[in-house]
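Bear in mind these aren't lab numbers, they're just calculated from the coordinates by the rules spelled out. Remember, predicted model here, so these are calculated numbers, not experimental data. Positions of Cβ are generated from backbone atoms using ideal geometry, with glycine treated the same way; all protein chains shown enter the neighbour counts.
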Amino acid sequence: MEYLPAIYQEVDAAHPKTFLGQLLLAFEKVLLGIEEEKAPTKLAMIEPSDRAIAIEGLAEEIARLHRLFDPLATPDEFLPWLAGWAALTLRSELSNSRKRKLLAHIISLYRIRGTRKYLEELLTLCVDAVATVADTELPALQVGVHSTTDSDTYIGGGAPYFFRVTLVAPLLGPREVQAQVKIAHAIVELAKPAHTIYELDVISPKLQLGISSTVGEDTVLGAPAA
């Protein structure tokens, strides 16, 4: 009312609540919301399902608009839209907390895309395991040095453009490990350079009498299937 010409600010002592004031009040509440001290009286006439909308005005929504663009503060349903800005597709298997961390770091990680560190950082953000990537050249067969069958024996050396991904998951059960391996394969396939090849190894609990030997819970014979 104070921004209107003086004639519109006149108040009749017999009717202090002028019609114009009551009319403008509706627009004021839409723009600015209901003041906290007046909320109980106002809310009595509002349906419970509509109260949250009635209390918050447009000015309040605009004031916190910046939170929509903060990966750590934006609503869960806004995450896919925000990921689209970063040219990123969020996997459904990831928890919302991991999606938020990935979104918060992905732009800076794009600067090192295609490198070993980039892949390690992505796996750390997406997988519930300690991930390492080794891209050193595999040495050729050398008796007594590199000659353990199915371990470090490479006749003529390792394949070119080869790297190895290792996941260390000592606290995960067999089913959890399988789920993490699936996510890791998907991440590596998307992040690695197209001309490279890789192997993925998993270090997780295996059968140990008295430690990991409960059938159906923590007994793993050999490495989980990839």
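Separation of segment 109-138 from segment 162-198 is 10 Å, based on Cα centroids.
Working ranking of peptides 179-188, 83-92 by packing, defined as the average number of other Cβ atoms within 10 Å per residue, highest first, is 179-188, 83-92. Largest first, the extents of the alpha carbon coordinates of segment 69-112 on the three principal axes equal 28, 22, 15 Å. Residues Glu2, Glu10, Glu28, ranked from the fewest to the most other C-beta atoms within 10 Å, line up as Glu2, Glu10, Glu28.
Taken about its Cα centre, segment 69-112 carries a charge dipole of roughly 220 debye when the Cβ of each Lys and Arg holds +1 and the Cβ of each Asp and Glu holds -1.
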